[in-house]
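The numbers here are math on the coordinates, done by the rules we state, and not lab data. Keep in mind that what you see is a predicted model, and the values were worked out from it rather than measured. Here the Cβ positions follow ideal geometry from the backbone for every residue, glycine too, while neighbour counts run over all protein chains shown.
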């Protein structure tokens with residue numbers, strides 16, 4: 001009985017560590033207006049603040065999983081938590097945008113050590129199939145809930161302290177996670193790990209980074225330019241080289257051949273595009289609430305609570321439904337539900353009812369995310385052996401983080417491109433001093449601040465222009481996100497095997513005590 005209690009307490013400690021790093025995906029969103037004003041960041045700069053974390057995080061997750069397998073998942077997890085807390089303090093005292101972006105990259109590096117280790121240990125801790133399904137569903141739900149409560153926590157902190165507080169909070173939280181993991185998690189690692197795949201690490205990181213950076217900078221340099229198109233071509237070519245390298249390397253960072261399994265490929269696809277939609281939605285909605293509705297950071301955060309609650313409620317039923325009619329089918333249906341939710345946001349404007357329209361749409365999106373997250377995570381891990389626990393967890397996490405990174409990058413770029421085009425044309429008819437004109441051009445958030453400072457009719461005209469330009473970009477980005485989710489749903493449905501595949505034991509639960 002004691003060992004069973006310890007296992008569930010261990011799950012709580014692992015989920016808290018997961019919450020710590022995943023919270024940083026979205027907590028920064030509500031601080032963007034203050035960061036923009038204090039550090040003079042435009043929309044591209046704000047995207048880099050958000051994306052630099054997830055970019056490094058996604059690029060190094062496979063490496064993090066490998067290091068956990070080789071040196072011990074508990075050891076790597078403790079190193080990751082310690083480093084994450086330390087770099088958070090550096091982020092909190094950043095004096096300019098470059099320092100903050102660099103610190104966010106450091107946070108992503110240590111998060112890549114934490115995240116794959118948490119899921120790999122969860123899978124190994126629970127050898128009973130029913131308990132394991134509950135544990136994996138809980139882990140998956142925490143990831144989604146963290147994305148939703150990030151704005152709430154950030155909003156409360158920003159209402160009382162400076163924007164640096166969203167990073168300072170990680171220091172005491174990291175200490176709690178550190179002691180919890182140290183006390184409750186047994187040492188474990190994979191004793192059979194091949195030589196380090198340095199080429200795979202470099203190629204995967206370079207390819208992903210170049211593609212995402214090219215997308216982020218496209219609104220600034222223009223989409224049909226040599227710089228943007230060239231960057232995308234180079235990035236995709238490097239990713240192709242990574243695939244070739246992994247197929248030829250004797251002990252690859254990740255065995256690409258696993259994607260020959262249709263179920264594995266479909267589950268990874270749905271996780272990627274599910275997080276594309278989720279993180280893009282959070283990025284867009286926090287700006288909508290603060291800019292269009294003009295809510296405070298705390299009001300913005302509390303307005304996302306229905307999403308977090310719905311995620312928690314739907315997490316359990318999603319796994320139950322998956323066990324009855326097939327996890328793959330449920331995940332595909334979930335992606336379609338997300339598509340519907342995004343298409344409904346195309347009707348949003350400054351007067352959209354929160355309770356009558358926005359909350360039902362958030363609940364619909366949360367249901368879709370829950371239907372994708374737990375079942376798809378289970379399916380990804382179901383294809384792997386015990387020795388691949390870390391790599392399998394890293395593939396799951398990489399799918400999530402890469403999807404989230406691309407969601408913010410692509411949807412943010414669509415928003416920025418439309419906003420820039422509309423605002424440039426509209427400002428020609430408004431007599432504004434140069435500082436206000438620059439503020440309006442930088443982003444909708446700084447444009448709203450400029451409108452508040454402008455005299456009477458000019459302020460009203462500028463506010464209408466800024467909000468209208470944002471909404472045009474918001475609507476197009478929502479259409480794209482919904483379309484991506486719909487395509488993923490169809491692809492996932494076709495890729496999954498026709499006969500529903502019930503849950504099977506994930507991994508051999510044998511724990512090696514050869515390392516810590």
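With Cα Rg over 2.2 N^0.38 Å defined as stated, name the option among [x] 1.03; [y] 1.21; [z] 0.94 computed from the structure displayed.
Only one listed value fits the structure, namely [z].
Taking the number of other C-beta atoms within 10 Å as the exposure measure, put 355, 343 in order starting with the fewest.
355, 343
Rank-order 262-272, 416-426, 79-89 by packing density, defined as the average count of other C-beta atoms within 10 Å over each peptide's residues, highest first.
Those peptides, ordered most packed to least, come out 262-272, 79-89, 416-426.
Give me the angle, in degrees from 0 to 90, between the Cα long axis of helix 389-426 and the longest principal axis of the Cα atoms of the chain, rounded to the nearest 10.
Helix 389-426 sits at roughly 10 degrees to that axis.
For a footprinting-style exposure proxy, rank 130, 54 by other Cβ within 10 Å, fewest first.
130, 54
Rounded to the nearest 0.05, what FRET efficiency do residue 71 and residue 320 give with R0 = 35 Å and r taken as the Cβ-Cβ distance? Could you check?
Working from the Cβ atoms, E equals 0.40.
Sorted by average packing, counted as other Cβ atoms within 10 angstrom per residue and highest first, what order do 431-441, 220-230, 109-119 take?
109-119, 431-441, 220-230
Compute the FRET efficiency between residue 251 and residue 479 as 1/(1 + (r/R0)^6), taking r as their Cβ-Cβ distance and R0 = 51 Å, and round to the nearest 0.05.
Step by step, r from the Cβ atoms, then E = 0.70.
What is the angle, in °, between the Cα long axis of helix 2-23 and the longest principal axis of the Cα atoms in the chain? Nearest 10 is fine, range 0 to 90.
30
Going 7 Å from the Cα of residue 34 in the Cα-to-Cβ direction, what parts of region 50-67 have a backbone nitrogen less than 18 Å from that spot?
Label zone hits: 50.
Using only Cα atoms, find the angle between the long axis of helix 305-325 and the longest principal axis of the chain, and express it within 0 to 90 degrees, rounded to the nearest 10.
40
Can you tell me which of 469-475, 24-30 comes out highest on packing, and rank the rest after it, using the mean Cβ neighbours within 10 Å?
Peptide ranking by packing, descending: 24-30, 469-475.
Hey, for a label at residue 99 modelled as a point 7 Å past Cα toward Cβ, could you say which residues of region 28-67 have their backbone N under 17 Å away?
35-41, 49
For residue 12 and residue 171 in the same chain, what is the full-extension length gain: residue separation times 0.36 nm, less their Cα-Cα distance, in nm?
Extra length from residue 12 to residue 171 when fully extended: 55.4 nm.
With 10 angstrom as the radius, rank 299, 18 by how many other C-beta atoms surround their C-beta, starting from the fewest.
Ranked by crowding around the Cβ, least crowded first: 299, 18.
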